[in-house]
Every structure is written in C-alpha cells, then in structure tokens.
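One structure is given here, and the rest of the page talks about it.
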C-alpha cells in the first residue's frame with residue numbers, strides 16, 4: 001500500500017481533493033443516485049488507465065492504527081490519492097470504485113464521506129458491498145478502483161452519443 005511521505009504531504013493531498021475532474025463525462029444521475037453519491041456511468045476516451053489495488057485505511061503513513069470507520073475511510077481515500085498523484089492524477093480521476101464494508105450500518109456514513117471527497121458531484125460509478133471479514137482484525141473497509149488520467153471527455157466535451 002502506498003503511503004504519504006509526511007503529514008504535510010497528506011494535508012496537501014487532501015486539500016486538493018476538491019479539485020473538479022477536468023476529464024471524464026459523468027452520466028446524468030437520478031435523484032436517488034445523487035443522494036447516494038454515485039454516478040450510473042462515467043464515459044472516458046483515451047487517457048491512461050490506473051488500476052488501483054484495494055486501500056484499507058487501517059494504518060496511517062506512520063503505521064499508526066486508524067480507529068473508527070470515518071478515520072479509516074478518509075485514510076483509504078488519502079492512500080488512493082497518493083497512488084494517483086504518483087501516476088500524474090488525483091482522486092478526481094477515479095471513474096469507478098468498489099467499496100467493501102464489514103458493517104452495513106456504515107453504508108450511509110460512507111456515502112456522506114464520499115460526498116465530501118467529491119464535492120462537485122462528479123461521483124465515480126460505484127458498488128458498495130458488505131463482507132464478513134478482512135485480511136486483518138480491525139479493518140472496517142477497503143476501496144478498490146479504476147482511474148483514467150488525461151482522457152478527452154468532460155462535461156463540456158461530451159463523448160456520449162447525442
């Protein structure tokens with residue numbers, strides 16, 4: 001799992017999360033989809049595809065265990081952002097994610113955190129799955145995804161058919 005080099009680097013990475021995606025076309029969402037903070041589909045054309053390994057958020061950059069669902073979710077997003085920055089992108093380039101949680105009662109909390117992470121409403125396509133266990137005791141979620149960096153589609157340059 002890739003980790004931020006320092007607390008300052010992580011703070012800078014989180015500060016940039018709100019940057020809207022300059023690429024990818026996010027398909028129109030129903031009211032329910034917007035409430036649950038996901039898109040039915042994301043259209044891309046060209047660009048570099050980054051296949052992301054699952055990020056758990058179980059430990060921070062210094063190896064300290066993260067306690068609580070919110071802390072682990074935010075740490076997982078920081079880990080994903082760090083990987084994407086090394087590839088020349090950011091969280092704004094995620095087009096799909098699969099989220100595994102170990103307690104369905106955390107589903108609404110995850111949706112609220114995802115809405116904070118993607119404040120422009122350009123949510124990745126997503127699946128939220130409840131599992132019974134993870135690789136280590138104490139892990140509460142894992143996020144796996146795919147990002148596309150530098151494609152030619154956007155809200156102003158549509159790639160979908162008229």
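Quick note: the coordinates plus some simple rules give every number you see, no bench work behind them. Computed from a predicted model, the values in this text were never measured in an experiment. Note: ideal-geometry Cβ built from the backbone for every residue, glycine included; neighbour counts use all protein chains shown.
If the condition is being without any contact (Cβ under 8 Å) to a residue 24 or more places away in the chain, assigned to a loop (DSSP other than H, G, I, E, B) and buried (at least 20 other Cβ atoms within 10 Å of the Cβ), then region 52-86 contributes only 66. Outside any helix (DSSP H, G or I), closer than 26 Å to residue 152 by Cβ and touching a strand residue (DSSP E or B) at 6+ places or on another chain (Cβ under 8 Å): is that true of residue 49 in this structure? Taking the combined requirement at face value, the residue satisfies it.
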